[in-house]
Amino acid sequence: MNGLLTKFLLKNPSVLVFLGALALFTAFVSVGSEAFGWGFISTSFVKTLGKTLCFCLIAIAMDLVWGYCGILSLGHFAFFGLGGYMLGMWLMYARTEIIVQTAMSNEVIPPTDQEVIDAIGTQIFGVVGGSDFPMIWAFAHLFWVQLALVVLVPGILALVFGWLAFRSRVTGVYLSILTQAMTLALSLYLFQNDSGLRGNNGLSGLQNLPGLDDVSQDIVSMWFFWASAFALGLSYLLVKLITESKLGNIVRGIRDDEARVRFLGYNVEGYKLFVFVLTAIIAGIAGALYYPQAGIINPAEIAPIASIYLAVWVAIGGRGRIYGAVIGAAFVSLLSTWFTGGQAPDIPLGIYTIKWVDWWLVLLGLSFVIVTLYFPKGIGGLFDRLVRKGDA
Amino acid sequence: MAELLEVNGISVTFDGFKAINNLAFSIGYAELRAIIGPNGAGKTTFMDIVTGKTRPDEGSVLWGEKSISLLSKSESQIANLGIGRKFQKPTVFEDQSVRDNLMMALKAKRTPWAVLFHRGSDDETVRIEELATEIGLKDALDRRAGDLSHGQKQWLEIGMLLAQDPQLLLVDEPAAGMTVDERNKTTEILKRAAKTRAVVVVEHDMEFIRNLDCKVTCLHEGSVLAEGSLDFVTSNKDVIDVYLGR
């Protein structure tokens with residue numbers, strides 16, 4: 001297997017370039033961090049960078065499902081959010097349990113287990129006027145189970161949804177609309193107080209790791225940054241292995257001419273399902289890494305617009321080239337942070353002042369239109385052209 | 001079963017229009033057959049039914065020695081049973097190399113798992129080179145399929161059919177848009193293929209069919225009008241009426 005991997009890397013030097021660049025970037029951030037280095041990169045910016053890596057991770061998934069397989073899913077942020085919720089449940093439960101136990105340890109009569117659980121329930125569900133644990137929290141105290149659910153819940157939802165949609169041969173824009181409906185329905189459901197996930201309050205305090213209150217956020221942020229970088233590197237390698245294999249050829253064939261692939265004897269629906277589920281799982285993992293860095297998750301995160309942004313990132317970065325998706329997600333999401341964070345200088349035009357907080361979306365929309373019309377291959381395409389010129 | 005494919009009494013209606021009307025058709029194990037007929041005679045719909053793209057309202061489609069019914073099978077299952085199809089418009093995967101196109105078509109396991117861990121063996125490389133030689137694209141193996149000429153794309157698609165190693169090839173207008181030389185070469189490829197398997201060719205061009213030198217079936221309004229040698233069919237009064245217009 002080792003030999004095969006070496007052979008693969010030799011045949012695809014771009015993977016090594018990407019992994020090398022990612023390693024360098026990770027080392028640079030580590031050296032610059034407040035926790036382990038000179039501290040010229042603030043902890044909050046480390047978190048922003050770590051979250052950006054998670055966006056890059058889900059963008060890779062989006063590029064595989066859209067750029068390679070031709071399925072324009074506008075619902076992948078639902079899987080991202082679900083991954084975040086699954087890990088968030090454990091984080092919130094385990095931390096609340098510690099807080100409750102500490103508070104109760106001062107009481108004269110030691111509390112029974114039921115009293116502890118009730119108190120945790122009141123702490124968590126008080127905001128939505130409840131104290132009982134809903135069914136879906138049955139495993140919230142078990143870290144490994146919730147970790148498995150990060151993969152299983154998005155995977156199974158994608159499997160059921162994909163099976164129904166692909167089997168009925170729903171394709172193109174109709175499928176995109178269905179995926180939007182899926183993420184909208186999920187988000188609306190989670191907004192309800194009795195959904196069991198605290199309605200519009202969502203899950204909060206996720207940046208605090210249970211039992212590790214002594215460890216400062218400077219260090220925790222670096223842990224998550226490393227984990228995100230590792231997951232990104234691993235997924236990049238995995239997705240490249242897929243796209244450069246015969247499976248990659250079939251998947252591209254499905255994108256270009258589904259019927260032809262079918263008449264070659266391939267079960268197209270099975271292949272689509274495989275890609276859809278795999279990318280949902282990658283999205284779930286990305287979400288599980290993202291929300292502890294963001295600290296809070298609520299149903300607004302999986303509103304339909306989030307998944308549309310994802311498509312915009314990948315389109316601007318360049319479809320059908322995995323590094324393009326990474327560049328697009330990193331570039332656009334960082335730029336978005338800059339513009340909407342109030343750091344971008346406003347432009348006074350005499351009678352009217354362009355405030356970027358409001359106008360950023362207009363700029364993004366315009367660049368999306370320009371990229372689609374004039375640079376269909378995105379930023380990655382420009383990159384390709386430079387490399388090719390370098391060869392000549 | 002004496003025949004490879006036996007189609008009996010099939011009919012199909014689209015919005016009140018009877019595209020196929022009580023059609024019967026059969027072909028043997030190693031036979032070349034041409035299907036002719038005016039536009040709208042049901043030639044392409046017939047192929048759609050055999051390959052599982054369209055379901056007939058009635059009738060039977062039986063395949064092979066065990067007389068398996070194809071009506072309940074999906075397109076990919078039918079393809080794996082051994083029926084290959086070439087479309088009217090050349091459809092190759094333009095973004096990929098000639099080699100990759102042939103590799104995808106080559107007979108092998110078709111499940112995602114098997115395909116993911118597929119490594120090209122030496123046997124496969126040899127087979128692909130043989131196929132490329134057969135269709136005259138040996139020097140173009142690493143070219144992008146989209147950069148091929150129209151005729152070369154047609155051949156590549158025929159090559160992909162042969163790579164599937166089917167028992168029956170359904171070929172829709174293989175000579176459309178080809179030069180005379182290209183046509184002659186296509187005739188040769190098809191004739192050679194028909195030595196070991198059944199080949200059904202749908203064509204408009206009478207000269208091309210004459211060169212194929214095989215039994216001809218003439219379709220009209222969804223059923224068989226005449227069947228026999230080309231001279232027999234073209235001298236049939238009904239056929240003349242249909243082609244010249246009554």
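The table below gives the values:
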| item | result |
| --- | --- |
| Pairs where the first residue, in the stretch A:196-212, is under 16 Å from A:Tyr290 (Cβ atoms) and polar (S, T, N, Q) and the second is at pLDDT 90 or above and in a loop (DSSP other than H, G, I, E, B), C-beta under 8 Å, 6+ apart | A:Ser204/A:Gly295; A:Gln207/A:Gly295 |
| Residue satisfying all of: in the stretch A:215-255; among the small types (Gly, Ala, Ser) and more than 14 Å from every other protein chain (Cβ to nearest Cβ); surrounded by the fewest Cβ atoms within 10 Å (Cβ to Cβ) among these | A:Ser216 |
| Complete set of residues in the stretch B:79-91 that are more than 8 Å from chain A (Cβ to nearest Cβ), outside any strand (DSSP E or B) and surrounded by 19 or more Cβ atoms within 10 Å (Cβ to Cβ) | B:Gly82, B:Pro90 |
| Residue check, A:Leu142 under 15 Å from A:Ser73 (Cβ atoms) and in contact (Cβ under 8 Å) with a residue 12 or more places away in the chain | no |
| Selection from the stretch B:99-116 of residues that are modelled with pLDDT of 90 or more, more than 7 Å from chain A (Cβ to nearest Cβ) and over 20 Å from the mean Cα position of the chain (by Cα) | B:Arg99 |
| Filter pass, A:Ala300 being among the small types (Gly, Ala, Ser), in contact with a Pro (Cβ under 9 Å, 6 or more places away or on another chain) and either away from chain B (no Cβ under 14 Å) or within 24 Å of A:Thr183 (Cβ to Cβ) (or both) | no |
| Criterion (more than 20 Å from the chain's Cα centre (by Cα) and facing chain A (nearest Cβ under 10 Å)) met by exactly one of B:Arg127, B:Arg144, B:Arg119 | B:Arg119 |
| Some residue of the stretch A:182-189 being farther than 26 Å from A:Phe224 by Cα, surrounded by 19 or more Cβ atoms within 10 Å (Cβ to Cβ) and out of contact with any Pro (no Cβ under 6 Å at 6 or more places or on another chain) | yes |
| Check on A:Tyr291, in contact with a strand residue (DSSP E or B) (Cβ under 9 Å, 6 or more places away or on another chain) and among the hydroxyl-bearing types (Ser, Thr, Tyr) | yes |
| Every residue from the stretch B:32-78 that is among the β-branched types (Val, Ile, Thr) and away from chain A (no Cβ under 14 Å) | B:Ile35, B:Ile36, B:Thr45, B:Val61, B:Ile68 |
| Test: residue in the stretch A:59-67 that is over 13 Å from A:Ser307 (Cα atoms), out of contact with any helix residue (DSSP H, G or I) (no Cβ under 6 Å at 6 or more places or on another chain) and buried (at least 24 other Cβ atoms within 10 Å of the Cβ) | yes |
| Residue satisfying condition, being over 23 Å from A:Ala259 (Cβ atoms) and of a type outside the set (Val, Ile, Thr), within set B:Glu94, B:Glu124, B:Glu75 | B:Glu124 |
| Residue tally, condition part of a loop (DSSP other than H, G, I, E, B) and either buried (at least 21 other Cβ atoms within 10 Å of the Cβ) or in contact (Cβ under 8 Å) with a residue 60 or more places away in the chain (or both), over the stretch B:1-39 | 8 |
| Residue in the stretch B:188-205 that is within 18 Å of B:Lys107 (Cβ to Cβ), crowded, with 18+ Cβ neighbours inside 10 Å, of a type outside the set (A, V, I, L, M, F, W, C) and more than 14 Å from every other protein chain (Cβ to nearest Cβ) present | yes |
| Residue list for the stretch A:145-176, filter: among the hydroxyl-bearing types (Ser, Thr, Tyr), assigned to a helix (DSSP H, G or I) and free of Cβ contacts under 8 Å to residues at least 60 places away in the same chain | A:Tyr174 |
| All positions within the stretch B:114-143 that are touching a residue at least 12 places away in the same chain (Cβ under 8 Å) and more than 19 Å from A:Leu264 (Cβ to Cβ) | B:Glu129, B:Gly136, B:Ala140, B:Asp142, B:Arg143 |
| Test: residue in the stretch A:320-338 that is modelled with pLDDT under 90 and buried (at least 19 other Cβ atoms within 10 Å of the Cβ) | yes |
| Given (1) within 14 Å of another protein chain (Cβ to nearest Cβ); (2) at pLDDT below 95, index of the condition A:Ile308 fails | (1) |
| Flag for B:Asp172 being closer than 19 Å to A:Glu258 by Cα, within 14 Å of chain A (Cβ to nearest Cβ), surrounded by 14 or more Cβ atoms within 10 Å (Cβ to Cβ) and in contact (Cβ under 8 Å) with a residue 24 or more places away in the chain | yes |
| Among the candidates A:Leu147, A:Leu212, A:Leu175, A:Leu197, residue that is crowded, with 17+ Cβ neighbours inside 10 Å and either more than 23 Å from the chain's Cα centre (by Cα) or under 22 Å from A:Trp90 (Cα atoms) (or both) | A:Leu197 |
| Qualifying residue in the stretch A:320-337 (condition: more than 20 Å from A:Trp66 (Cβ to Cβ) and not in a helix (DSSP H, G or I)) | no |
| Of residues in the stretch A:256-283 being in contact (Cβ under 8 Å) with a residue 12 or more places away in the chain and facing chain B (nearest Cβ under 8 Å), the one farthest from the chain's Cα centre (by Cα) | A:Tyr266 |
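Residue-by-condition table, conditions (1) surrounded by 15 or more Cβ atoms within 10 Å (Cβ to Cβ); (2) more than 24 Å from A:Tyr309 (Cβ to Cβ); (3) hydrophobic (A, V, I, L, M, F, W, C); (4) modelled with pLDDT under 80:
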site: A:Ala344; (1), (2), (3), (4): yes, no, yes, yes
site: A:Pro348; (1), (2), (3), (4): no, yes, no, no
site: A:Tyr352; (1), (2), (3), (4): no, yes, no, no
site: A:Val362; (1), (2), (3), (4): no, no, yes, no
site: A:Tyr374; (1), (2), (3), (4): no, no, no, no
site: A:Ile379; (1), (2), (3), (4): yes, no, yes, no
site: A:Asp391; (1), (2), (3), (4): no, yes, no, yes
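The values are calculated or read from the model by the stated rules, or taken from the named source; none is laboratory data. Keep in mind it's a predicted model, so treat the numbers as computed, not measured. Positions of Cβ are generated from backbone atoms using ideal geometry, with glycine treated the same way; all protein chains shown enter the neighbour counts.
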